[in-house]
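Working notes, beginning with the structure itself.
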Amino acid sequence: MIKTALSHPNKALVIYWGNEDDTLRIPTRSSLSITLQGINHPLDYTITLRTIRSAERDRVFINGTEDKGEIFTHFVRHLDIMRAYTGFQEKVEVITRKTFPIGSGLAGSAASASAMAEAFAGLVGKTADRKLVSVMARRGSGSASRSVFGGSVVWQKGNSDDSSYAKQLFDENHWDIRNVIAVVSSDPKKVSSVDGMTLSKKTCPVSLYSVFTSASSEHIEQMRSAMAARDIVKLGVGYEKENDLFRQVCLKTTPQLDYWSKATHDIFCKVNSLRNDGVPAYAGTDAGPNVHILTLPSHVERVTRVVSEVEGVMEIIHCRIGEGSHLLEQHLA
Ligand code: PMV
């Protein structure tokens, strides 16, 4: 049996940053994202799963080369969890292809774990069960639970393995907004997201961390209603407010998590001045220095031109809202 799935990364507008249960990845707050489809660069993660009868172990091939190290261990752990959920016994060969630009700062864990869950759901004939696909994706990487859907997506935190999964808010055709990503660094993060969020939960003052966790429902509701009304100002103001709060949490973490570089600060200033000129552009980050600018299609050219001039900007990736993970007919060899 063979199944292949394609998935995309997503950008959190209300961020996931910390777990109540690290093993099950039950988050401390609900989050909201848009699924990203690259326009000037493909942002695709494809995984083929092929069953290998009577084999004793899984095999993993990255760009044609067999991996027996860290990636292999990570994928096998995810596969074992999905086998336990579904009762599927067979070992598989995993073949992957990633088309993200090198150094894009888009780690790809959301796209890869959701493609893995989708392809696995294909093997067991369960792709129609979107909740199961989202739960299985979550166990590979928290943010992957959201890439199972296209458009805008909320991951409800829930309080158990069964109640923590994502749901689509609006599909990819509801409203054409764009994310212009200013890539300023291709260096690996000094502190990974997983380690950073664990540190924040442990060391950020409770008074701030509890404001951060409880603000998520209000921020999600504000963005949901902005999206329903296709109101870019309301969406952007909510996005920047959430981003400020996330930055405060990072800066109050010990040791301090300052993911920004000088270029990040400079881009935020440029976006501010664009806004003073009447351009609806709103800036935020993930756990890294790259800036994700939300805007409307008619302003992408100007935003790109202005932001490209900032010293330290290496590349601009222009995205629209994309579709969720799904099976493909064509398999990777
Ligand atoms: O999904 P993980 O476990 O790789 O965590 C990454 C989470 C962030 O990208 C930092 C935020 C988010 O909500 O996507």
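Every read-out reported here was derived from the displayed coordinates using simple, explicitly stated rules and does not represent laboratory data. As the structure is a prediction and not an experimental result, all values here were calculated from the model. In this analysis, Cβ positions are derived from the backbone assuming ideal geometry, glycine residues included, and neighbour counts consider all displayed protein chains.
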TODO: Check Thr99, Thr65, Thr86 and return the single one that is in contact with a Lys or Arg (Cβ under 8 Å, 6 or more places away or on another chain) and either closer than 22 Å to Ser192 by Cα or of a type in the set (Ser, Thr, Tyr) (or both).
DONE: Thr86
Task: Residues (closer than 30 Å to Thr198 by Cβ and more than 16 Å from the ligand (Cβ to nearest atom)) located in segment 287-305 - done: Ile293
Open item on the list: Looking at Ala128, Ala137, Ala111 in this structure, which one is surrounded by fewer than 20 Cβ atoms within 10 Å (Cβ to Cβ) and among the small types (Gly, Ala, Ser)?
Closed with: Ala128
Open item on the list: Please return the ranges of strands (runs of 3 or more DSSP E) entirely within segment 290-333 where 1 or more residues are more than 28 Å from Arg230 (Cα to Cα).
Closed with: 315-321, 326-328
TODO: Considering only segment 177-286, give the helices (runs of 4 or more DSSP H) lying wholly within it that have at least 2 residues that are away from the ligand (no atom under 13 Å from the Cβ) and of a type in the set (Ser, Thr, Tyr).
DONE: 206-228, 262-276
- [ ] Need at least 1 residues that are away from the ligand (no atom under 11 Å from the Cβ) and not hydrophobic (A, V, I, L, M, F, W, C) per element, so show me which strands (runs of 3 or more DSSP E) inside segment 1-52 make the cut, counting only ones lying wholly within it.
- [x] 2-7, 19-21, 31-38, 45-51
